[in-house]
Amino acid sequence: MSRNEEYGDLLQQLDAERLPQHIAIIMDGNGRWATRRNLPRTMGHKAGAESLRRATEICREIGVKVLTVYAFSTENWQRPQDEVDFLMKLFAEYLRREIKTMNDNQVRLHILGETAPLPPAVQRELAAALSATAHNDRMILNIAVNYGGRREIAFAMRQMAEAVARGDLSPQDIDEAAVDGFLFTAGQPQPDLLIRPAGELRLSNFLLWQAAYSEFYFSDILWPDFGKRDLLTAVLAYQKRQRRFGKI
Ligand code: IPE
Ligand code: IPE
Ligand code: MG
């Protein structure tokens, strides 16, 4: 919760052999966090961005290879225009401010979602951040923005159909691995642990294909309050799970 929270005791309990390679988080509860404080919802989003900074730090510290965060869904365009505008501005600002830290920590930025509909200013910051971090190789930070799992799958199908029409892909070669290759997460490991704070028990169109065998962790803590200790607690819970993948 606090910026300088202690978490050494939790780090000690971690099993380095059983770390999730890929953690995915639905960053939910910003609005409620602000409303409870009699603040405008936008202040919750600002606090949520701070929380993302902490989550990235702790994932990098424990050696997670991929962190995916859901920042803006294909459905979130239906929010009031001023909230959408604020979120877009915040995203652009976040990218600009974080490039240095991402480079210091060898974090490579990657985007899940279609970027063409984003405002031009966001697209400019994005292009800059993507190219500035392209060679970092310790961790990937996937930010899902204008992302929807169903749209991602439809988009992959369209690209596969086009490849078939061009003669570059044979229908017999469309298997699970081939589909993986057409998703925004192509080449990345599947999410091992999917965390949803703020009490809702649903996927809200997040990583529908990739989460097939993810372990889910739900928490009532609102995202701006979700600190390093909470993330480590989720990882410790994950390490107690028995993943069977259909076997006995
Ligand atoms: C998550 O927090 C941020 C986005 C979806 C952009 P919310 O804004 O959904 O917060 P609640 O769920 O209304 O509290
Ligand atoms: C999911 O949260 C999307 C993001 C966190 C970006 P929402 O707040 O949009 O989800 P619902 O509407 O509660 O399902
Ligand atoms: Mg929400």
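Throughout, read-outs are computed from the coordinates displayed, never taken from laboratory work. Model, not experiment: these values are computed from the prediction. Don't worry about glycine lacking a Cβ; one is built from the backbone with ideal geometry, like all the others, and counts go over all protein chains shown.
Points to keep in mind about this one:
- Kyte-Doolittle at least -0.5, axis length at least 15 Å by Cα - qualifying DSSP helices, the chain: 120-133, 149-166, 228-240
- Cut-off 10 Å between beta-carbons: net charge of the residues surrounding R196, Lys and Arg +1, Asp and Glu -1: -1
- Each peptide in 129-138, 102-111 gets a packing score, the mean of other Cβ atoms within 10 Å over its residues, and the list from highest to lowest is 102-111, 129-138.
- Alpha-carbon Debye profile of the chain, log10 I(q)/I(0) at 0.09, 0.13, 0.15, 0.17 Å⁻¹: -0.40, -0.84, -1.13, -1.43
- Formal net charge of residues neighbouring V66 (Cβ-Cβ distance under 13 Å; K, R +1; D, E -1): +2
- Cross-link check: pairs K46/K100; K100/K240; K65/K89 evaluated at a Cα-Cα cut-off of 26 Å; pairs beyond the cut-off: K100/K240; K65/K89.
- The simple spin-label model puts a point 7 Å past each Cα toward its Cβ; for D15 and S170 those points are separated by 4.4 nm.
- When you restrict to C-alpha pairs under 8 Å that are six or more residues apart and normalise by the size of the chain, the relative contact order lands at 30 percent.
- Highest to lowest packing among 197-204, 54-61, scored as the average C-beta count within 10 Å: 54-61, 197-204
- Inter-site label distance for L201 and R97 at 7 Å from Cα along Cβ, in nm: 3.6
- Sorted largest first, the principal axis extents computed over the alpha-carbon atoms of region 27-144 equal 40, 31, 21 Å.
- GNM result for the chain, Cα springs below 10 Å: residue of W223, W33, W77 fluctuating most strongly: W77
- Region 192-238 versus region 143-187: alpha-carbon centroid distance in Å: 26
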